[in-house]
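Below you'll find the structure, written out as C-alpha coordinates, and then a few comments.
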Amino acid sequence: MNNDSLAIHVQDVKRIYQSAAAPVVALKGVNLAVASGQFVALKGRSGSGKTTLLNCIGGLDRPTEGAIFVNGRALHNMDDQALTLWRQQEVGFIFQNFGLLPTLSAFENVELMLRIARFPRRQRKDQAMHYLEQVGLSKWADHRPYEMSGGQQQRVAIARALANQPKIILADEATGELDFETAHEILQLFRTVAKENSIAILLASHDNLVAEYVDQVLNLQDGQIIDLAPG
(Lines give C-alpha, C1' and ligand atoms only; values in the text may rest on other atoms or scores of the structure.)
Protein backbone atom coordinates (compact mmCIF):
# COMPACT_ATOMS: atom_id res chain seq x y z
CA MET A 1 0.00 0.00 0.00
CA ASN A 2 1.16 3.56 -0.66
CA ASN A 3 1.20 6.36 1.90
CA ASP A 4 -2.13 7.79 0.73
CA SER A 5 -3.98 4.54 1.47
CA LEU A 6 -2.73 4.28 5.07
CA ALA A 7 -3.78 6.14 8.19
CA ILE A 8 -0.35 5.66 9.80
CA HIS A 9 2.84 4.76 7.95
CA VAL A 10 6.16 4.73 9.83
CA GLN A 11 9.34 4.13 7.82
CA ASP A 12 12.73 3.31 9.39
CA VAL A 13 12.18 5.65 12.34
CA LYS A 14 14.99 6.11 14.82
CA ARG A 15 14.90 8.31 17.93
CA ILE A 16 18.16 9.02 19.72
CA TYR A 17 18.35 11.23 22.81
CA GLN A 18 21.66 12.88 23.58
CA SER A 19 22.89 12.75 27.16
CA ALA A 20 26.08 13.64 29.00
CA ALA A 21 26.96 9.99 29.58
CA ALA A 22 26.07 8.44 26.21
CA PRO A 23 23.36 8.68 23.54
CA VAL A 24 20.14 6.83 24.40
CA VAL A 25 18.65 4.99 21.44
CA ALA A 26 14.89 4.80 22.07
CA LEU A 27 13.82 3.64 18.60
CA LYS A 28 16.04 1.58 16.27
CA GLY A 29 14.47 1.70 12.82
CA VAL A 30 10.76 1.08 13.36
CA ASN A 31 8.42 0.26 10.47
CA LEU A 32 4.65 -0.09 10.79
CA ALA A 33 1.48 0.49 8.81
CA VAL A 34 -2.07 0.96 10.12
CA ALA A 35 -5.14 1.41 7.90
CA SER A 36 -8.22 3.47 8.71
CA GLY A 37 -10.67 1.49 10.86
CA GLN A 38 -7.96 -0.74 12.31
CA PHE A 39 -7.42 -1.19 16.04
CA VAL A 40 -3.77 -2.10 16.60
CA ALA A 41 -1.90 -2.81 19.84
CA LEU A 42 1.70 -1.88 20.45
CA LYS A 43 2.95 -4.19 23.20
CA GLY A 44 6.19 -4.16 25.14
CA ARG A 45 7.72 -3.72 28.57
CA SER A 46 8.35 -0.34 30.15
CA GLY A 47 11.30 1.26 28.39
CA SER A 48 10.73 -0.62 25.14
CA GLY A 49 9.96 2.60 23.24
CA LYS A 50 6.15 2.49 23.07
CA THR A 51 5.52 6.01 24.37
CA THR A 52 8.37 7.45 22.31
CA LEU A 53 6.85 5.94 19.17
CA LEU A 54 3.38 7.27 20.00
CA ASN A 55 4.83 10.72 20.65
CA CYS A 56 6.59 10.71 17.29
CA ILE A 57 3.44 9.59 15.45
CA GLY A 58 1.41 12.24 17.30
CA GLY A 59 3.84 15.02 16.48
CA LEU A 60 4.80 15.56 20.13
CA ASP A 61 8.36 14.44 19.40
CA ARG A 62 10.45 14.28 16.24
CA PRO A 63 12.32 11.25 14.92
CA THR A 64 16.07 11.55 14.61
CA GLU A 65 15.89 9.62 11.34
CA GLY A 66 13.14 8.15 9.18
CA ALA A 67 9.73 9.24 7.93
CA ILE A 68 6.22 9.34 9.40
CA PHE A 69 3.12 9.77 7.26
CA VAL A 70 -0.40 10.17 8.66
CA ASN A 71 -3.10 10.03 6.01
CA GLY A 72 -0.46 10.89 3.43
CA ARG A 73 0.89 13.94 5.28
CA ALA A 74 4.63 13.93 5.98
CA LEU A 75 4.95 14.84 9.65
CA HIS A 76 8.73 14.82 9.55
CA ASN A 77 8.63 17.77 7.11
CA MET A 78 6.22 19.94 9.15
CA ASP A 79 7.31 22.83 11.37
CA ASP A 80 6.14 23.22 14.98
CA GLN A 81 3.27 25.56 14.14
CA ALA A 82 1.93 23.24 11.43
CA LEU A 83 2.24 20.24 13.76
CA THR A 84 0.27 22.02 16.51
CA LEU A 85 -2.58 22.85 14.13
CA TRP A 86 -2.50 19.32 12.69
CA ARG A 87 -2.75 17.73 16.18
CA GLN A 88 -5.76 19.89 17.04
CA GLN A 89 -7.59 18.86 13.89
CA GLU A 90 -6.62 15.27 13.18
CA VAL A 91 -5.36 13.46 16.29
CA GLY A 92 -7.05 12.24 19.45
CA PHE A 93 -4.94 11.39 22.52
CA ILE A 94 -5.97 9.11 25.39
CA PHE A 95 -3.82 8.56 28.48
CA GLN A 96 -3.58 6.11 31.38
CA ASN A 97 -4.53 8.71 34.01
CA PHE A 98 -7.49 9.96 31.90
CA GLY A 99 -6.19 13.57 31.82
CA LEU A 100 -9.57 15.13 32.64
CA LEU A 101 -9.82 18.56 34.26
CA PRO A 102 -11.38 17.92 37.70
CA THR A 103 -13.31 21.20 37.92
CA LEU A 104 -15.09 20.65 34.59
CA SER A 105 -18.09 18.40 33.90
CA ALA A 106 -17.91 15.52 31.44
CA PHE A 107 -19.53 17.75 28.82
CA GLU A 108 -17.13 20.63 29.52
CA ASN A 109 -14.09 18.34 29.31
CA VAL A 110 -15.17 17.17 25.86
CA GLU A 111 -16.31 20.59 24.67
CA LEU A 112 -13.01 22.19 25.74
CA MET A 113 -11.13 20.36 23.00
CA LEU A 114 -13.52 21.82 20.44
CA ARG A 115 -12.99 25.30 21.89
CA ILE A 116 -9.25 24.89 21.48
CA ALA A 117 -9.79 23.81 17.87
CA ARG A 118 -12.07 26.88 17.40
CA PHE A 119 -15.25 25.07 16.44
CA PRO A 120 -18.42 27.27 16.38
CA ARG A 121 -20.41 27.24 19.65
CA ARG A 122 -23.47 25.34 18.32
CA GLN A 123 -21.27 22.73 16.68
CA ARG A 124 -19.29 22.31 19.90
CA LYS A 125 -22.43 21.55 21.87
CA ASP A 126 -23.83 19.11 19.31
CA GLN A 127 -20.56 17.22 18.83
CA ALA A 128 -19.74 17.01 22.53
CA MET A 129 -23.15 15.51 23.30
CA HIS A 130 -23.01 13.21 20.27
CA TYR A 131 -19.76 11.60 21.38
CA LEU A 132 -20.78 11.38 25.04
CA GLU A 133 -23.80 9.49 23.78
CA GLN A 134 -21.62 7.25 21.62
CA VAL A 135 -19.62 6.18 24.68
CA GLY A 136 -22.80 5.73 26.73
CA LEU A 137 -22.45 8.73 29.02
CA SER A 138 -25.03 11.27 27.85
CA LYS A 139 -26.81 10.98 31.22
CA TRP A 140 -23.53 11.81 32.98
CA ALA A 141 -22.81 14.96 30.96
CA ASP A 142 -23.12 17.26 33.98
CA HIS A 143 -21.07 15.11 36.36
CA ARG A 144 -17.48 15.94 37.28
CA PRO A 145 -14.69 13.33 37.17
CA TYR A 146 -14.71 12.71 40.95
CA GLU A 147 -18.37 11.71 40.67
CA MET A 148 -17.60 8.98 38.14
CA SER A 149 -15.89 5.58 38.19
CA GLY A 150 -12.53 4.99 36.49
CA GLY A 151 -14.26 3.33 33.56
CA GLN A 152 -16.64 6.26 33.15
CA GLN A 153 -13.76 8.72 33.28
CA GLN A 154 -11.97 6.80 30.55
CA ARG A 155 -15.15 6.88 28.45
CA VAL A 156 -15.17 10.66 28.82
CA ALA A 157 -11.54 10.69 27.69
CA ILE A 158 -12.51 8.64 24.63
CA ALA A 159 -15.40 11.02 23.85
CA ARG A 160 -12.98 13.93 24.18
CA ALA A 161 -10.53 12.26 21.79
CA LEU A 162 -13.35 11.70 19.28
CA ALA A 163 -14.87 15.18 19.55
CA ASN A 164 -12.82 16.87 16.84
CA GLN A 165 -13.45 13.90 14.51
CA PRO A 166 -9.78 12.88 14.27
CA LYS A 167 -8.24 10.66 11.65
CA ILE A 168 -6.24 8.69 14.23
CA ILE A 169 -6.37 8.05 17.98
CA LEU A 170 -3.22 7.34 20.00
CA ALA A 171 -3.79 5.71 23.39
CA ASP A 172 -1.02 5.18 25.95
CA GLU A 173 -1.73 2.45 28.55
CA ALA A 174 -5.41 3.43 28.43
CA THR A 175 -6.51 0.42 30.51
CA GLY A 176 -3.67 0.60 33.04
CA GLU A 177 -5.78 2.14 35.83
CA LEU A 178 -8.85 -0.03 35.24
CA ASP A 179 -10.01 -3.30 36.79
CA PHE A 180 -10.29 -6.46 34.70
CA GLU A 181 -13.97 -6.16 33.81
CA THR A 182 -13.80 -2.45 33.02
CA ALA A 183 -10.70 -2.97 30.88
CA HIS A 184 -12.70 -5.46 28.78
CA GLU A 185 -15.46 -2.88 28.33
CA ILE A 186 -13.04 -0.13 27.28
CA LEU A 187 -11.22 -2.37 24.81
CA GLN A 188 -14.53 -3.38 23.24
CA LEU A 189 -15.43 0.31 23.03
CA PHE A 190 -12.14 1.06 21.28
CA ARG A 191 -12.86 -1.68 18.75
CA THR A 192 -16.37 -0.34 18.11
CA VAL A 193 -15.14 3.24 17.81
CA ALA A 194 -12.47 2.26 15.27
CA LYS A 195 -14.93 0.39 13.06
CA GLU A 196 -17.91 2.75 13.29
CA ASN A 197 -15.87 5.93 12.80
CA SER A 198 -13.23 4.53 10.38
CA ILE A 199 -10.51 5.76 12.74
CA ALA A 200 -7.12 4.10 13.11
CA ILE A 201 -6.44 3.46 16.81
CA LEU A 202 -2.93 2.61 18.02
CA LEU A 203 -2.88 1.50 21.66
CA ALA A 204 0.36 1.12 23.58
CA SER A 205 -0.14 -1.46 26.31
CA HIS A 206 1.41 -4.29 28.28
CA ASP A 207 -2.05 -5.73 29.04
CA ASN A 208 -2.54 -9.26 27.66
CA LEU A 209 -6.28 -8.58 27.27
CA VAL A 210 -5.68 -6.45 24.17
CA ALA A 211 -5.04 -9.49 21.96
CA GLU A 212 -8.72 -10.45 22.24
CA TYR A 213 -9.89 -7.17 20.70
CA VAL A 214 -7.30 -5.80 18.28
CA ASP A 215 -6.78 -6.51 14.59
CA GLN A 216 -3.02 -6.82 15.06
CA VAL A 217 -0.41 -6.90 17.81
CA LEU A 218 2.97 -5.25 17.24
CA ASN A 219 5.60 -6.37 19.74
CA LEU A 220 8.21 -3.75 20.57
CA GLN A 221 11.44 -4.71 22.29
CA ASP A 222 14.43 -2.43 22.87
CA GLY A 223 13.16 0.07 20.31
CA GLN A 224 12.42 -2.46 17.56
CA ILE A 225 9.33 -4.31 16.40
CA ILE A 226 10.40 -7.93 16.74
CA ASP A 227 7.39 -9.64 15.17
CA LEU A 228 3.86 -9.07 13.95
CA ALA A 229 0.95 -11.10 15.31
CA PRO A 230 -2.76 -11.05 14.48
CA GLY A 231 -5.18 -9.96 17.19
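The values are calculated or read from the model by the stated rules, or taken from the named source; none is laboratory data. All of these numbers come straight from a predicted model, not from anything done at the bench. Here Cβ is always computed from backbone atoms with ideal geometry, including for glycine, and neighbour counts include all displayed protein chains.
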Can you pull out every residue in the stretch 63-106 that is closer than 16 Å to Ile8 by Cβ and β-branched (Val, Ile, Thr)?
Ile68, Val70, Val91, Ile94
Failed item, numbered, when Arg160 is tested on (1) under 13 Å from the mean Cα position of the chain (by Cα); (2) among the basic types (Lys, Arg); (3) in a loop (DSSP other than H, G, I, E, B)
(3)
Within the stretch 79-121, track down each residue that is closer than 25 Å to Ile68 by Cα and hydroxyl-bearing (Ser, Thr, Tyr).
Thr84
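Listed here are the residues, each with its yes/no results for (1) buried (at least 20 other Cβ atoms within 10 Å of the Cβ); (2) over 28 Å from Phe190 (Cα atoms); (3) touching a Ser or Thr at 6+ places or on another chain (Cβ under 9 Å).
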position: Gln18; (1), (2), (3): no, yes, no
position: Ala35; (1), (2), (3): no, no, yes
position: Lys50; (1), (2), (3): yes, no, yes
position: Asp61; (1), (2), (3): no, no, yes
Tally of residues being under 22 Å from Ser149 (Cα atoms), surrounded by 19 or more Cβ atoms within 10 Å (Cβ to Cβ) and small (Gly, Ala, Ser) across the stretch 171-223
4
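Conditions tested, residue by residue: (1) free of Cβ contacts under 8 Å to residues at least 24 places away in the same chain; (2) of a type in the set (A, V, I, L, M, F, W, C).
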| position | (1), (2) |
| --- | --- |
| His9 | no, no |
| Ser19 | yes, no |
| Ala22 | yes, yes |
| Asn31 | no, no |
| Val34 | no, yes |
| Gly37 | no, no |
| Ser48 | no, no |
| Thr51 | no, no |
Where residues in the stretch 89-132 are surrounded by fewer than 16 Cβ atoms within 10 Å (Cβ to Cβ) and among the polar types (S, T, N, Q), which of them is modelled with the lowest pLDDT?
Asn97
